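Visitor: First, the structure itself, so that you have it in front of you.
Just so it is clear, none of the values below were taken in a lab; they were calculated from the coordinates. Everything numeric here is computed off the predicted structure, so don't read it as measured data. Here the Cβ is made from the backbone with ideal geometry for all residues, glycine too, and neighbour counts use every protein chain on show.
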Amino acid sequence: MLIPNEIPRKEPKVRIGIILPSDGIKILRCSFSDPQCYEIETSAKILPSCKNKKELNIEINDNNIIIPELSLKDKSIKLIPSILDENPFVKINEVPAGRGFHWEKKIDLSYWGTIEFSYFKKNIIVINELPLEKYLKCVATSEMSAICPQEFLKAQYIVARSWLLANIERKHIHLGFDICNDDCCQRYQGILNTTKTSNEIADLTFGQVITYENKICDARYSKSCGGITENFENVWVGNKISYLNSINDTNSKGISYCSTDIVPESSLKAYIGTVDDEGKYYRWIYRINNNNLISSLKINFSLDVKKVLGLNPTKIGASGRIIRLEIIFLNIEDSTQNIEINSEYEIRKILSPTFLYSSAFTVNKINDEFILEGKGWGHGVGLCQIGALGMALSKKGAKLILNHYYPGAKINTIYNK
Ligand SMILES: [Zn+2]
Ligand SMILES: [Zn+2]
């Protein structure tokens, strides 16, 4: 298990919850890329390989996990890769993704490393244990496309590794794993988004993190700062962090790295994949009508509002993000009232049902409609992913990219192969 605030001296293993007790799963199917590469272990015995059994059913029976095809029964059964130098994988059918979101679904996903099925209060828990570097290869590329420039991807791997080691929260320790596979911790979809090239680039940064005063940096990042990054303490509760202070995300000519001048809109989709509206990461316009705001205030604060009169920013951070927003309204008794929203996260949540791109906007009111003219995408603290992409496209190396976004931080190799 990972230990918070400890710098590992050799590559640690990560334990990820793939199927959780709350998923209520009592039967599942899995298959091997090559059954001969796996041993199956129970507390009583080890099956050296499961030759000719490419697929297995995992079920619950009599407060135990059972694999009927192999007549195995125990509280916990492990599938352990026996050839460590290669990359065999186990495919698990119908793994839940996007828990609690409108797009929640089940997908078949493949995993490197050990798979552990355990019985927990009438449900199956599935834990995947694998070396940290392999886990990173899976998570860092799902954020952005593996076709991005090499120096950008190197920076992204170093940031992802630092962030992971600095932010182990141990939310799930009672269930025996470090992190879960969803947005609650970090989205993890096995080897789905890995490619040969992305794996090779990850290996170029093996064991590298950014450190500041002998501690691994809390390497925050967001999609696009909008031109200037934000101070840590304006987004999260806590003291200033010197390497997470605002910087101008511009080159020597004053052009924003995260702008369409440097990252053309036409190529953006190929690089970041998930973008819906091209160009909106840099400058955008969002319109909200009064009725939508009234229902949002009802849902979020149980307020009965007749009309919203104004949106009035009362504290603005270094990047232009609104940190405190006063909403002035007329209640149903026709008296003027106000409410203050105290975080960029809440502001984005309240002003848009699909979460506003960022809280860096100016407000114009035309009749009863509010027109927000904004910039950036995400909280804007630390590395700006599109800006880092722009730096790499401008032929800047990973070291320069990290120095730019985390001033004073150093790249250190904390363990080797
Ligand atoms: Zn979690
Ligand atoms: Zn930026």
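Visitor: Under a Cβ-Cβ cut-off of 10 Å, what is the net charge of the residues other than ILE191 that fall near it, where Lys and Arg count +1 and Asp and Glu count -1? Before the final figure, lay out the partial values.
Guide: Numbers: positive: LYS91, LYS134, LYS137; negative: none.
Here the count lands on +3.
Visitor: Quick check: net charge around PHE370, other residues with Cβ under 13 Å of its Cβ, Lys/Arg +1 and Asp/Glu -1?
Guide: That works out to 0.
Visitor: I've got another one for you. Give me, ordered by chain and number, the residues 5 or more places off TYR282 or on other chains with an amide H under 5 Å from its own placed amide H.
Guide: Placed amide hydrogens put GLY376 under 5 Å from TYR282.
Visitor: Please tell me the relative contact order of region 283-375 in percent, rounded to the nearest whole number, where contacts are Cα pairs under 8 Å and at least six residues apart.
Guide: Once divided by the residue count of region 283-375, the mean separation gives 31 percent.
Visitor: As an exercise, identify the trypsin sites (Lys or Arg not before Pro) in region 332-401 lying in DSSP coil whose Cβ has no more than 15 other Cβ atoms within 10 Å.
Guide: Here the sparse-neighbourhood loop sites are LYS395.
Visitor: By the gyration tensor of its Cα atoms, with a ≥ b ≥ c the square roots of the eigenvalues, what is the shape of region 181-268: rounded for a/c under 1.5, prolate for a/b over b/c, or oblate?
Guide: Details: a/c = 1.64, a/b = 1.12, b/c = 1.46.
Verdict is oblate for region 181-268.
Visitor: Here is a further query. Return the distance in nm (one decimal) between the two label points of a simple spin-label model at GLU340 and GLU69, each offset 7 Å from Cα along Cα→Cβ.
Guide: 6.3 nm
Visitor: When the chain is treated as a GNM, springs tying every alpha-carbon pair under 10 Å, which of ALA166, ALA155, ALA318 comes out with the largest mean-square fluctuation?
Guide: Evaluated over the chain, the most mobile residue of the options is ALA318.
Visitor: Averaging over every viewing direction, what projected area does the convex hull of the Cα atoms of region 12-117 cover, in nm²?
Guide: If you wrap the Cα atoms of region 12-117 in a convex hull and average its projections, you get 7.4 nm².
Visitor: Treating the Cα atoms of region 104-161 as identical point scatterers in vacuum, please give the log10 of the normalised Debye intensity I(q)/I(0) at q = 0.14, 0.24, 0.25 Å⁻¹, two decimals.
Guide: Normalising to I(0) and taking log10 leaves -0.55, -1.02, -1.05.
Visitor: Taking the Cα centroid of region 33-97 and of region 397-417, what is the distance between the two, rounded to the nearest whole Å?
Guide: About 40 Å separates the Cα centre of region 33-97 from the one of region 397-417.
Visitor: Something else about it: Quick one: length gained pulling ASP108 to LYS298 fully straight, 0.36 nm per residue minus the C-alpha distance?
Guide: Contour length minus the Cα-Cα distance gives 64.5 nm.
Visitor: Beyond a 30 Å Cα-Cα separation, which of these cross-linked pairs lie in this structure: LYS10/LYS53; LYS73/LYS106; LYS240/LYS375; LYS106/LYS306; LYS53/LYS171; LYS223/LYS307?
Guide: Pairs exceeding 30 Å: LYS10/LYS53; LYS106/LYS306; LYS53/LYS171; LYS223/LYS307.
Visitor: Moving on. Scan region 66-135 for chymotrypsin sites (Phe, Trp or Tyr not before Pro) in coil per DSSP, keeping those whose Cβ has at most 14 other Cβ atoms within 10 Å, and list them by number. Numbers along the way, then the final one.
Guide: On the way: sites: PHE89, PHE101, TRP103, TYR111, TRP112, PHE117, TYR119, PHE120, TYR135; in loops: PHE89, PHE101, TRP103, TRP112.
Sites meeting the loop and neighbour criteria: PHE101, TRP103.
Visitor: Size of the chain along its principal axes in angstrom, Cα-based, largest extent first?
Guide: Cα extents, longest axis first: 72, 54, 40 Å.
Visitor: Also, quick follow-up: What is the diffusion coefficient of region 13-197 in µm²/s, taking the Kirkwood radius over Cα pairs and the Stokes-Einstein relation at 37 °C with a viscosity of 0.692 mPa s?
Guide: Once the numbers are plugged in, D ends up at 192 µm²/s.
Visitor: Also: For region 161-316, what is the per residue volume of the convex hull drawn over the alpha-carbon atoms, in cubic angstrom? Each step should come with its number before you reach the end.
Guide: Numbers: hull volume 35.4 nm³, N = 156.
About 227 Å³ per residue, rounded to a whole number.
Visitor: Here's another thing I want to ask about it. On alpha carbon coordinates alone, what is the Rg over Rh value for region 283-375, Rh being the Kirkwood radius?
Guide: In region 283-375, Rg relative to Rh is 0.94.
Visitor: Another question, then. Between ILE371 and TRP236, what is the label-point separation in nm under the 7 Å Cα-to-beta-carbon projection?
Guide: 3.7 nm
Visitor: Note down the magnitude of the dipole of the chain about its Cα centre, charges +1 on Lys and Arg C-beta and -1 on Asp and Glu C-beta and zero elsewhere, to the nearest 20 debye. If you can, show how the numbers build up before the last one.
Guide: Numbers: 51 positive and 47 negative charges, 106 e Å.
Using only the charged Cβ atoms, the result is roughly 500 debye.
Visitor: Give the relative contact order (percent, whole number) for region 330-417; include only Cα pairs under 8 Å separated by 6+ residues.
Guide: Across region 330-417, relative contact order equals 15 percent.
Visitor: Run the numbers on the chain and let me know its relative contact order in percent, using alpha-carbon pairs under 8 Å that are six or more apart.
Guide: 17 percent
Visitor: For region 233-254 and region 308-358, write down the distance between their C-alpha centroids in whole Å.
Guide: The two parts, judged by their Cα centres, are 23 Å apart.
Visitor: What do you get for trypsin sites (Lys or Arg not before Pro) in region 217-308 restricted to DSSP loop and a cutoff of at most 11 other Cβ within 10 Å of the site's Cβ?
Guide: Sparse-neighbourhood loop trypsin sites (Lys or Arg not before Pro): LYS240, LYS253.
Visitor: Modelled label-to-label distance, GLN150 and LEU192, 7 Å Cα→beta-carbon offset: nm?
Guide: Result for the modelled spin labels: 2.9 nm.
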